[in-house]
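Okay, so here's the structure we're looking at.
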Amino acid sequence: MSFALSNVLAGVAASIPSPPVSYIDIPIFDFSFRIHYYALCIITGIILAVLITNHRLTKRGAERWVVIDIAIIAVPLAIIAARIFHVLTHPGFYFGPDKNIWAVFYIWEGGIAIYGALIGGAVGAWLGCKWTGIRFWTFADALAPGLLLAQAIGRFGNWFNHELFGLPTDLPWGLEIESTNPAFPPGLAEGTLFHPTFLYEVVWNGLGVIFLLWIGRRLRLQWGKLFALYLIWYGAGRIVWESIRIDPSEIYLGLRTNVWAAIIGVVIGIAILIVQSRRHPGLEPSAYMPGREYKNPDVESQDNLSDFVDVSEPPVDGSVAGATATSTAPTS
């Protein structure tokens, strides 16, 4: 990425160039193995999200690397659902007399939808949490900042693929798109610049990570309330960026499919925040479900749990808040 970033810094006063290549070929004996930068961005985001979530779960008293047990279920389901959501909301890309239906499997060419990933990932996370004993909302709150960071990194994949740009602009940070690009609007002059929606979302998501980390620590948000703020923050930004994108999309009642998805995401986030604030005004008694607690060897006494346990709220099973027992969750 360094060559492209240096070009951006050198030419930012005039425009933002698109990377000259979207992949790298690695020769292996008589074969050439192609790696797409889009895939590298997605993988990098997933790895960082897992690392951040592991750190945050461990601070809550969870078993170290229990996130792996959840991720091996949630990540594949998230990717599959993200692709299905994209295909269903962009049927013109894949179905028709002049289309290659097998392209629905060409995920390396781009085309995964975050809202599909959220649906599939939520199902996988719920299953993983049932397996490990982690509270679902504890995991969701721990995941929220890392998930937003992963989305920011993933947007660089759209930059490398020269896709999902916005309306034409004469702003100094306009994005260069070659006129031979199939997504280049017909009738526009060669050299027309476009809003770099990938960059807008990178900046918005980056600010969101900082906000979530700050507000989560300051207000000690638990029971899914931090994840609710993630849905609201990301959805609010996505409504704006999606509204200025010019890539083809299904339109319903005058709005693009993903604008509707973002609006629904914001509404769900507000609903979770209201419901959980009323149902759970205190803090979670443990990161684990009742009876599934893990004895953290790094925690020497009950006093060490004071940072993340509300001892004033009795746990569901009637035991002393923060008390630990032998875990039934599998060891990673």
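The values are calculated or read from the model by the stated rules, or taken from the named source; none is laboratory data. Small disclaimer: the values here were computed from a predicted structure and weren't measured. Using ideal geometry, Cβ is built from the backbone for each residue, glycine included, and neighbour counts are taken over all protein chains shown. To get the accessible areas, we keep the full protein, side chains included, count just its heavy atoms, and leave off ligands, DNA and RNA. Shrake-Rupley method; radii C 1.70, N 1.55, O 1.52, S 1.80 Å.
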Would you please give the residues with an amide H less than 5 Å from that of G224, counting only those at least 5 places away or on a separate chain, with H modeled from the backbone geometry? D141
Net lengthening on full extension, D170/H55 (0.36 nm per residue, minus Cα-Cα): 37.1 nm
Label-point separation, A39 to E250 (7 Å along Cα→Cβ), nm: 2.9 nm
Using modelled amide H (1.01 Å from N, peptide plane; none on Pro or chain starts), what sits under 5 Å from the amide H of L175, excluding residues fewer than 5 places away? I16, F194, H195
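Compare the peptides 135-142, 26-33, 89-96, 246-253 by average per-residue count of other Cβ atoms within 10 angstrom and give them in order, highest first.
On the way: 135-142: 24.1, 26-33: 7.9, 89-96: 14.4, 246-253: 12.4.
Per-residue Cβ counts within 10 Å, averaged per peptide and sorted highest first, yield 135-142, 89-96, 246-253, 26-33.
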Considering only protein heavy atoms, what per residue accessible area in square angstrom results for the stretch 26-90 with a 1.4 angstrom probe? 53 Å²
Would you kindly give the portion of the calculated P(r) for the stretch 102-240 that falls above 27 Å, as a percent of all Cα pairs? 34 percent
Provide, in order from the shortest bin, the percent of all Cα-Cα pairs of the stretch 46-109 in each 10 Å bin, continuing until the bin that contains the maximum pair distance. 19, 34, 21, 17, 8, 1
Would you work out what percent of the accessible area of the stretch 11-61, with all protein chains in place, is carbon or sulfur (probe 1.4 Å)? 73 percent
Whole-Hz Karplus couplings 3J(HN,Hα) for the stretch 123-134, θ = phi - 60° and coefficients 6.51, -1.76, 1.60, Gly and Pro as x, run 5, x, 5, 4, 5, x, 5, 4, 5, 8, x, 6
